[in-house]
Every structure is written in C-alpha cells, then in structure tokens.
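Colleague: Just passing along the structure, written as structure tokens.
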Ligand code: HEM
C-alpha cells in the first residue's frame with residue numbers, strides 16, 4: 001500500500017509549499033479534479049493528505065476520536081499564542097479534564113441568557129452610526145463580535161472598561177502563521193506576542209477582581225475563576241475562547257450578510273427563524289470560514305487503497321467538499337431552501353467528533369440576532385458586489401474592501 005496519489009505541480013525541493021501557503025483552495029480544487037476525494041500534497045518535512053467528502057470527514061473525525069489522528073500536533077503555531085497546555089494543545093487527558101469544565105458552560109440554557117446582551121450591543125452599535133453612510137463590513141461587525149465574546153467570557157463591562165481589548169485581539173490574531181516558528185522575530189509575530197502579554201495581564205486582573213468580589217449571578221468568568229485550574233492556564237483558556245469565538249463568527253456573519261444582500265428576495269425572509277437558520281447553513285456551505293481542519297497521523301493508517309503514513313498532515317477542506325454536485329444540486333448557487341431536502345449533515349465547517357465546535361449554538365444565536373437587527377433597522381446595499389475570500393490560511397473572511405452603503409429606516413420594521 002502507498003501514499004495517496006500526488007497532485008501535479010510539485011516543485012523541486014519545495015514541493016507544493018508555496019502554492020499551499022498562497023492559494024490552498026486552488027491546490028485542493030486541482031487535486032480533486034485530478035484524483036477525486038483522496039490525494040496527497042508535498043509539504044515541508046512531511047507529506048500532506050487531503051480528504052474530501054462526507055464519508056472521509058466521518059473517517060477523519062472517528063480517527064481523531066481514536067487518537068490515531070492528533071489535533072494536538074496539528075496546530076503547533078497556536079502554541080505561542082495560547083501556551084502548550086491549553087485545551088487541544090495539551091496532552092489528551094489534560095484536554096479532557098479542561099473540556100469537562102468548559103463544555104457545560106456552552107449548553108443552550110446558559111447560552112440563551114446572552115441573547116438580550118447580544119441584542120443590546122447590536123442596537124447600541126446601530127444607534128451610534130450616522131443616519132446614512134458607508135461601512136466596511138469587517139470593520140463594523142468585527143468589533144461587535146469581539147465585544148459580544150468579551151462580554152460572555154470576561155463579564156458584561158469588560159469591553160467598555162478595556163476599549164483596547166478589541167485592537168489587542170486583532171494584533172494577537174497576526175500570530176496565526178503556519179510557516180514561521182513563534183520564536184522568529186518577525187514584526188507580525190512580535191506584535192502578536194506583545195498583544196498576548198497585554199491580554200494576559202488584563203484577563204488576570206479581571207479574574208482577580210472577580211474572585212475578590214463575586215457577581216450576584218455567577219457568570220462564565222466566575223465559574224472559570226472557581227474552576228480547578230492554575231492561574232496561567234485559566235487566563236490562557238479565557239483568551240483562547242474569546243479569540244476562537246470572534247475570529248470565526250466575524251467571517252461567517254460578514255458572509256451571511258453579503259449573501260443576503262445579494263439576494264433581496266431572501267433578505268426579506270430573515271424574520272422567519274427557520275429560514276434564517278437555513279440561510280446561515282447556506283453561507284456555511286458556500287463560505288466556510290475554516291480553510292482546513294488538520295490533524296497529524298500518529299500511526300500508519302490504511303485508508304481505501306492507500307496508507308496514510310505516520311507523521312503525515314491530514315486535512316479536510318470544507319470549501320471544496322461543500323461544492324460537490326453529487327451532494328448539492330447546482331452547488332455554486334445560493335439557495336437556503338435547498339436544506340429542506342438536501343443534507344445539512346454534509347456540512348463540515350463546525351467540525352465533528354469530540355472536537356466539534358463547542359460554541360456553535362452561541363454563534364448561531366448571535367448571528368441571527370445581529371442579522372435580524374441590522375435588516376430591521378437599515379436599508380443596505382453592497383458597494384463591492386462580488387466579494388471574494390481572503391487567500392492563505394487565516395480565517396476565510398471576505399477580502400477588503402467589502403463595503404456597504406446604508407440608510408437607517410425611518411420606522412424600523414421587519415420586512416415581510
Ligand atoms: C461561525 C462560527 C464558528 C465556526 C465556523 C467554528 C468552527 C469550529 C471548528 C471547525 C472547530 C473544530 C476544529 C478542529 O476540529 O480542528 C471548532 C472548535 C471549537 N470552537 Fe468553534 N467555531 C465557531 C464559533 C465558535 C464560538 C462562538 C466559540 C465560543 C464561544 C467557539 C468555540 C470552540 C471551541 C471551544 C472549540 C474546541 C472544541 C474541542 O476541541 O473540544 N467556536 N470551531
């Protein structure tokens with residue numbers, strides 16, 4: 001048995017490295033066209049195996065749950081951001097211990113309490129805008145999403161007390177570099193490290209304050225502050241949660257709004273909760289914000305007629321899997337109602353198995369609240385009508401500029 005067939009275009013010595021870093025989507029599309037749903041790419045130091053489609057995603061998650069595919073080894077560049085012992089970067093037993101504390105905080109009953117806060121912050125943002133104007137979508141919605149995540153994890157008043165939190169988190173995100181090791185003194189990595197240190201200091205202070213004066217109704221921060229975690233770990237966990245909670249949701253929310261604005265007949269239906277859920281799924285299908293889900297094989301793993309060798313990077317690419325015409329009819333078109341008959345189970349952007357996104361319910365609620373409020377209060381028109389995805393390995397946000405011209409409605413109403 002051998003490695004899956006390799007995609008064309010590998011260069012001498014560097015293999016597919018540059019293309020993988022610059023435009024991984026194009027590389028995966030070519031691999032799919034040449035070899036179908038399982039193929040390999042040549043990456044620095046190790047082979048990469050790409051798995052596409054629903055059955056391969058199930059295989060990927062089952063092998064991850066059985067620890068033959070390791071999430072811990074897969075994202076080494078996150079260690080300098082979140083520490084070595086934080087959640088899936090920790091050994092498996094330690095990850096399970098931390099997960100057992102975190103997971104109950106994400107149950108629907110707890111999360112639903114935050115709807116009023118999401119709504120209040122969205123309304124305040126709209127109120128703060130001039131009556132008419134132009135906004136860049138990621139500039140408008142990114143800070144809102146961070147504010148909402150901050151209020152969930154660090155307490156209601158954290159965002160207003162620490163205005164710089166928002167800019168610190170953007171600088172911190174610059175550390176997501178799959179190529180350069182964290183110790184390289186590159187400008188973006190140094191910026192990220194400085195932001196990380198400031199975020200740790202602010203978070204420690206908030207935890208200490210909360211321990212000294214408990215809240216009347218215990219919130220997430222308080223439950224975490226009482227959890228059996230060392231202070232350093234506690235702080236890194238909270239920073240990680242705010243980061244994962246905003247980085248992904250911002251991209252999905254921006255895409256969901258652009259998709260709706262490009263389809264006015266669908267925009268009019270956002271007050272229908274079930275429809276809005278399907279619209280968010282359709283955006284997940286067309287614009288999954290996570291470019292790859294990655295693992296490292298801890299043993300040789302036979303798969304179909306090939307073998308995935310120990311040490312290989314194994315990757316799902318939701319963007320290409322979601323456009324398979326064998327699963328979704330007319331896969332490039334935006335049709336939220338397709339999910340009345342087509343399988344939402346084929347969607348991969350929230351992951352699967354034990355690592356399936358803990359914040360999915362929170363993100364769905366938040367995106368629904370924000371989208372409804374924006375559509376209720378503002379007429380909006382896309383000034384850049386065909387937004388495209390940023391290239392590379394950061395979350396798949398729409399590439400800037402992605403501008404919207406708006407006018408506040410004289411009498412806010414929900415379109416019928
Ligand atoms: C549109 C929004 C979101 C998307 C697309 C998304 C996507 C994902 C994906 C793909 C994973 C699995 C990664 C892997 O297996 O390699 C994941 C895990 C996770 N997500 Fe999300 N996420 C979103 C929002 C959130 C939010 C709002 C939070 C927190 C409030 C959150 C918290 C987490 C956590 C804690 C995990 C780790 C679960 C584990 O490994 O046990 N996510 N997310």
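Colleague: Quick check on the stretch 377-385. Is at least one of its residues under 23 Å from the mean Cα position of the chain (by Cα), part of a helix (DSSP H, G or I) and crowded, with 18+ Cβ neighbours inside 10 Å?
Modeller: no
Colleague: Mind checking which residues of the stretch 32-71 are assigned to a helix (DSSP H, G or I), buried (at least 17 other Cβ atoms within 10 Å of the Cβ) and without any contact (Cβ under 8 Å) to a residue 40 or more places away in the chain?
Modeller: Answer for the stretch 32-71, where residues must be assigned to a helix (DSSP H, G or I), buried (at least 17 other Cβ atoms within 10 Å of the Cβ) and without any contact (Cβ under 8 Å) to a residue 40 or more places away in the chain: just 35.
Colleague: Those residues that are without any contact (Cβ under 8 Å) to a residue 40 or more places away in the chain and over 21 Å from residue 44 (Cβ atoms), I need them from the stretch 166-197; list them, please.
Modeller: Correct list: 166, 167, 168, 170, 171, 174, 187, 190, 191, 194, 195, 197.
Colleague: A further question follows. Would you confirm, using the coordinates I've provided, whether residue 261 is at negative phi and at pLDDT 95 or above?
Modeller: Against the criterion (at negative phi and at pLDDT 95 or above), residue 261 qualifies.
Colleague: With the requirement that a residue be more than 13 Å from the ligand (Cβ to nearest atom) and under 12 Å from residue 182 (Cβ atoms), what does the stretch 72-105 give you?
Modeller: Those that are more than 13 Å from the ligand (Cβ to nearest atom) and under 12 Å from residue 182 (Cβ atoms): 76, 77, 79, 80, 81, 83, 84.
Colleague: Answer yes or no as to whether residue 378 is more than 26 Å from residue 108 (Cβ to Cβ) and either within 12 Å of the ligand (Cβ to nearest atom) or modelled with pLDDT of 95 or more (or both).
Modeller: Judged against the criteria, residue 378 is a match.
Colleague: Could I ask something else about it? Test of understanding: among 234, 241, which residue is within 16 Å of the ligand (Cβ to nearest atom), within 25 Å of the chain's Cα centre (by Cα) and without any contact (Cβ under 8 Å) to a residue 60 or more places away in the chain?
Modeller: 234
Colleague: Suppose we keep only residues that are free of Cβ contacts under 8 Å to residues at least 60 places away in the same chain and within 12 Å of residue 348 (Cβ to Cβ) within the stretch 288-322. Which one would you say is farthest from the ligand (Cβ to nearest atom)?
Modeller: Once the filter is applied, the top-ranked residue is 322.
Colleague: Within the stretch 78-86, does at least one residue satisfy the condition of being more than 28 Å from residue 364 (Cα to Cα), modelled with pLDDT of 90 or more and in contact with a strand residue (DSSP E or B) (Cβ under 7 Å, 6 or more places away or on another chain)?
Modeller: Scanning the stretch 78-86, I find no residue that is more than 28 Å from residue 364 (Cα to Cα), modelled with pLDDT of 90 or more and in contact with a strand residue (DSSP E or B) (Cβ under 7 Å, 6 or more places away or on another chain), so the answer is no.
Colleague: Something else: Is there a residue in the stretch 48-60 that is over 24 Å from the mean Cα position of the chain (by Cα) and under 23 Å from residue 310 (Cβ atoms)?
Modeller: No; the residues of the stretch 48-60 include none that is over 24 Å from the mean Cα position of the chain (by Cα) and under 23 Å from residue 310 (Cβ atoms).
Colleague: Taking the stated definitions as given, is residue 366 within 12 Å of the ligand (Cβ to nearest atom) and over 16 Å from residue 56 (Cβ atoms)?
Modeller: yes
Colleague: Let me ask something additional. State all residues of the stretch 209-231 that are closer than 15 Å to residue 157 by Cα and away from the ligand (no atom under 16 Å from the Cβ); if no residue qualifies, say none.
Modeller: Within the stretch 209-231, 209, 210, 213, 214, 215, 216, 217, 218, 222 meet the criteria.
Colleague: For the stretch 248-263, what are the residues that are out of contact with any helix residue (DSSP H, G or I) (no Cβ under 6 Å at 6 or more places or on another chain) and within 8 Å of the ligand (Cβ to nearest atom)?
Modeller: Across the stretch 248-263, the qualifying residues are 248, 251, 252.
Here is a yes/no grid of residues against (1) at pLDDT below 90; (2) surrounded by fewer than 16 Cβ atoms within 10 Å (Cβ to Cβ); (3) touching a strand residue (DSSP E or B) at 6+ places or on another chain (Cβ under 7 Å):
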position	(1), (2), (3)
167	yes, yes, no
176	yes, no, no
179	yes, yes, no
183	yes, yes, no
195	no, no, no
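Colleague: Pick from the stretch 106-116 the residues that are more than 19 Å from the chain's Cα centre (by Cα), in a helix (DSSP H, G or I) and farther than 14 Å from residue 368 by Cβ: which of them is nearest to the ligand (Cβ to nearest atom)?
Modeller: 110
The values are calculated or read from the model by the stated rules, or taken from the named source; none is laboratory data. Given the structure is predicted, the values throughout are model-derived calculations rather than measurements. Note that we place each Cβ from the backbone using ideal geometry, even for glycine, and neighbour counts take in every protein chain shown.
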